[in-house]
Amino acid sequence: MSHTLLVTSSPRGADSLSSRFATEIAEGIQARLGGPLTVRDLAANPPPHITPAYIQGRIRSAEDHTPEQVEAVKFAQAFVDELKVADVIVLGSAMINFGLPSQLKAWFDHVTWPGVTFSYGDAGPKGLLTGKKVYLVTAAGGVFSEGAWAPFDFQTNYLLHLLGFIGLTDVEVVRVEGTVFGPDAVKAAIANAETAIKALLAKAA
Ligand SMILES: Cc1cc2nc3c(=O)[nH]c(=O)nc-3n(C[C@H](O)[C@H](O)[C@H](O)COP(=O)(O)O)c2cc1C
């Protein structure tokens, strides 16, 4: 039995390839390992941007919170609770202006929480969400896994860094890329993602 958390974030709705393939992985994992599946759709229900109430509230104990701080910290607590209980996390991200969707950035701003998901020790920062498997699906119009545009991938590399910072270091990446180059390129990107996902699910069984 395994608890799976699916987090999608593309603003492209039903056209989203990252949401489609992240969902395929999450449902595939659930079918193989059993257990509950929690779905967090950050595009349908965007987290707020973080505010002074959140910044102050997250380092104060609950009994000292103002009503505004209670409200602000509630989002972060809900997201972190979902992460803590999950054995497997599947994350879908769409490249928007070379980075991640702002909805997903806002989610990371809530879950990257000192003393809760990471701590500072003598040896520097330490991620606290350990022992979990992550599948990261990143979609992009261009090709960023190699070639001239690779230095401008501020999506996949940044996400890997953010995940690692909170202790999520066991990450399998599926890239759906190059879809801007026409229908054949879309077909090839989809076929590549399907092949990669089949192999990953076979390993998970
Ligand atoms: C507002 C917007 C901005 C985008 N910016 C970029 C970009 O900077 N680089 C790129 O390669 N593709 C860009 N794209 C293309 C998307 O990354 C591509 O359509 C990808 O499949 C989106 O992920 P999704 O299918 O999960 O929605 C952009 C698309 C939109 C709608």
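Only the coordinates and a few stated rules stand behind these numbers; no lab work does. In this text the structure is predicted, and so the values were computed from the model without any measurement. Quick reminder, even Gly has a Cβ in these numbers, built from the backbone with ideal geometry, and neighbours come from all protein chains shown.
Which residue is farthest from Val173 (Cα to Cα), if the candidates are limited to segment 93-130 and must be of a type in the set (S, T, N, Q) and either touching a strand residue (DSSP E or B) at 6+ places or on another chain (Cβ under 8 Å) or surrounded by fewer than 16 Cβ atoms within 10 Å (Cβ to Cβ) (or both)? Spell out how you get there, then give the answer.
In the first step, residues of segment 93-130 are kept if they are of a type in the set (S, T, N, Q); the result is 93, 97, 102-103, 112, 117, 119, 130.
From the residues that got through so far, the ones that are either touching a strand residue (DSSP E or B) at 6+ places or on another chain (Cβ under 8 Å) or surrounded by fewer than 16 Cβ atoms within 10 Å (Cβ to Cβ) (or both) too are 93, 97, 102, 112, 117, 119, 130.
Details: Ser93: 11, Asn97: 20, Ser102: 20, Thr112: 21, Thr117: 22, Ser119: 26, Thr130: 18 Å.
Across segment 93-130, the extreme among qualifying residues is Ser119.
I'm told Ala150 meets every condition in (1) more than 22 Å from Thr23 (Cα to Cα); (2) crowded, with 18+ Cβ neighbours inside 10 Å except one. Can you identify the failing condition by its number?
Result: Ala150 fails condition (2) only.
Regarding Tyr135, is this residue buried (at least 16 other Cβ atoms within 10 Å of the Cβ) and not in a strand (DSSP E or B)?
Numbers: buried (at least 16 other Cβ atoms within 10 Å of the Cβ): yes; not in a strand (DSSP E or B): no.
Judged against the criteria, Tyr135 is not a match.
Can you confirm whether Leu128 is of a type in the set (A, V, I, L, M, F, W, C) and over 18 Å from Ser10 (Cα atoms)? Talk me through it step by step, then tell me what you get.
Working: of a type in the set (A, V, I, L, M, F, W, C): yes; over 18 Å from Ser10 (Cα atoms): yes.
Yes, satisfied.
Any idea which of Ala185, Ala189, Ala199 is crowded, with 17+ Cβ neighbours inside 10 Å and assigned to a helix (DSSP H, G or I)? Before the answer, list the steps.
Working: Ala185 fails: crowded, with 17+ Cβ neighbours inside 10 Å; Ala199 fails: crowded, with 17+ Cβ neighbours inside 10 Å.
Criteria check complete, one pass: Ala189.
State yes or no: is Thr51 β-branched (Val, Ile, Thr), more than 16 Å from the ligand (Cβ to nearest atom) and surrounded by fewer than 20 Cβ atoms within 10 Å (Cβ to Cβ)?
On the way: β-branched (Val, Ile, Thr): yes; more than 16 Å from the ligand (Cβ to nearest atom): yes; surrounded by fewer than 20 Cβ atoms within 10 Å (Cβ to Cβ): yes.
It is true that Thr51 is β-branched (Val, Ile, Thr), more than 16 Å from the ligand (Cβ to nearest atom) and surrounded by fewer than 20 Cβ atoms within 10 Å (Cβ to Cβ).
For segment 28-38: of the residues being free of Cβ contacts under 8 Å to residues at least 40 places away in the same chain and surrounded by fewer than 16 Cβ atoms within 10 Å (Cβ to Cβ), which is nearest to Ala202 (Cα to Cα)?
Initial filter on segment 28-38 (free of Cβ contacts under 8 Å to residues at least 40 places away in the same chain): 30-31, 34, 36-37.
From what is left, the residues that are surrounded by fewer than 16 Cβ atoms within 10 Å (Cβ to Cβ) are 31, 34, 36.
Values: Ala31: 12, Gly34: 15, Pro36: 20 Å.
Step by step, filter segment 28-38, then rank; the result is Ala31.
Name the residue, out of Phe154, Phe118, Phe165, that is out of contact with any His (no Cβ under 7 Å at 6 or more places or on another chain) and within 14 Å of the ligand (Cβ to nearest atom). Lay out the reasoning, then the answer.
Details: Phe118 fails: within 14 Å of the ligand (Cβ to nearest atom); Phe165 fails: within 14 Å of the ligand (Cβ to nearest atom).
Within the list Phe154, Phe118, Phe165, the selection yields Phe154.
Looking only at segment 54-101, filter to residues that are without any contact (Cβ under 8 Å) to a residue 12 or more places away in the chain and part of a loop (DSSP other than H, G, I, E, B); which one of those is farthest from the ligand (Cβ to nearest atom)? Lay out the reasoning, then the answer.
Kept after step one, since they are without any contact (Cβ under 8 Å) to a residue 12 or more places away in the chain, are these residues of segment 54-101: 55, 60-65, 67, 74, 77-78, 81, 97.
From the residues that got through so far, the ones that are part of a loop (DSSP other than H, G, I, E, B) too are 60-61, 65, 97.
Details: Arg60: 37, Ser61: 39, His65: 36, Asn97: 5 Å.
Filtering segment 54-101 for residues that are without any contact (Cβ under 8 Å) to a residue 12 or more places away in the chain and part of a loop (DSSP other than H, G, I, E, B), the one farthest from the ligand (Cβ to nearest atom) comes out as Ser61.
Any residue in segment 120-142 that is without any contact (Cβ under 8 Å) to a residue 24 or more places away in the chain sitting within a Cβ distance under 8 Å of a residue that is of a type in the set (Lys, Arg) and more than 16 Å from the ligand (Cβ to nearest atom)? List the pairs, counting only those 6 or more apart or interchain.
Hits for this filter: Tyr120/Lys126.
If Ile29 satisfies every condition in (1) touching a helix residue (DSSP H, G or I) at 6+ places or on another chain (Cβ under 6 Å); (2) within 16 Å of the ligand (Cβ to nearest atom) but one, which is the exception?
(2)
Considering only segment 5-43, state which residues are over 17 Å from the mean Cα position of the chain (by Cα), under 19 Å from Glu172 (Cβ atoms) and not in a loop (DSSP other than H, G, I, E, B). Even if it seems obvious, please write down each step before you answer.
Pass one, segment 5-43, residues over 17 Å from the mean Cα position of the chain (by Cα): 14-15, 28, 30-36.
Filter again for under 19 Å from Glu172 (Cβ atoms), leaving 28, 30-33, 35.
Within segment 5-43, Gly28, Gln30, Ala31, Arg32, Leu33 qualify.
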